[in-house]
Amino acid sequence: MTDVALKKADDLFAFLDTLGIEHKTMWHRPVFTVAEGDDLRAQIPGGHTKNLFVKDKKGRYFLLTVEEYATVDLKKVHTIIGASGRVSFGSADKLMEYLGVVPGSVTTFGAINDTENQVTFILDEDLMKCDIINSHPLQNDATTSVSSSDLLRFVKATGHEPLVLKVTE
């Protein structure tokens with residue numbers, strides 16, 4: 001990783017603005033798991049995400065972004081995403097180094113901090129059918145809503161080529 005300062009929520013919002021991406025953020029208590037945020041769903045319309053930061057046997061990293069209650073078979077997903085052998089969860093250190101977030105705040109918006117393209121971003125096909133997608137804005141005490149097409153545009157604007165694949169069961 002370079003010595004570039006990690007971007008935070010305000011940097012993300014400014015970047016979205018420069019791209020002309022409409023976004024709305026709701027601030028709330030910190031939520032570390034999908035279940036902890038269940039009561040917020042009625043206030044935040046759209047698809048809500050679960051993010052899995054994984055690595056393969058060759059040390060390549062992937063972020064799988066899926067609908068919050070979807071199931072991902074970690075024993076099989078490597079065949080779908082092009083990983084070398086089965087995947088396992090990436091460490092908290094690599095999560096911070098590559099995406100600038102801690103466990104509980106993992107988000108596709110972390111692409112803004114992956115300036116060296118160390119992570120492949122996989123967006124689940126079913127999630128991308130939602131008009132609006134909700135994710136943490138690099139911290140877990142807020143939820144930021146953008147359109148699914150704008151989420152793709154955001155990831156591309158960070159220099160990544162997101163893959164939309166059916167990774168859930």
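A few remarks follow.
- Boolean, GLU22 is modelled with pLDDT of 95 or more, among the acidic types (Asp, Glu) and more than 15 Å from the chain's Cα centre (by Cα): yes
- Taken together, LEU74, LEU40, LEU99, LEU19 contain a single residue that is out of contact with any helix residue (DSSP H, G or I) (no Cβ under 9 Å at 6 or more places or on another chain), over 16 Å from VAL167 (Cα atoms) and of a type outside the set (Lys, Arg), which is LEU40.
- Filter pass, PHE32 being out of contact with any Leu (no Cβ under 8 Å at 6 or more places or on another chain), at pLDDT 90 or above and aromatic (Phe, Trp, Tyr): no
- Single match in ASP17, ASP73 (criterion: of a type in the set (Asp, Glu), closer than 18 Å to THR108 by Cα, at pLDDT 95 or above and loosely packed, with under 13 Cβ neighbours inside 10 Å): ASP17
The values are calculated or read from the model by the stated rules, or taken from the named source; none is laboratory data. Keep in mind the model is a prediction, meaning the values are calculated, not measured. When we count neighbours, we look across all protein chains shown, and the Cβ atoms used for this are built from the backbone with ideal geometry, even at glycine.
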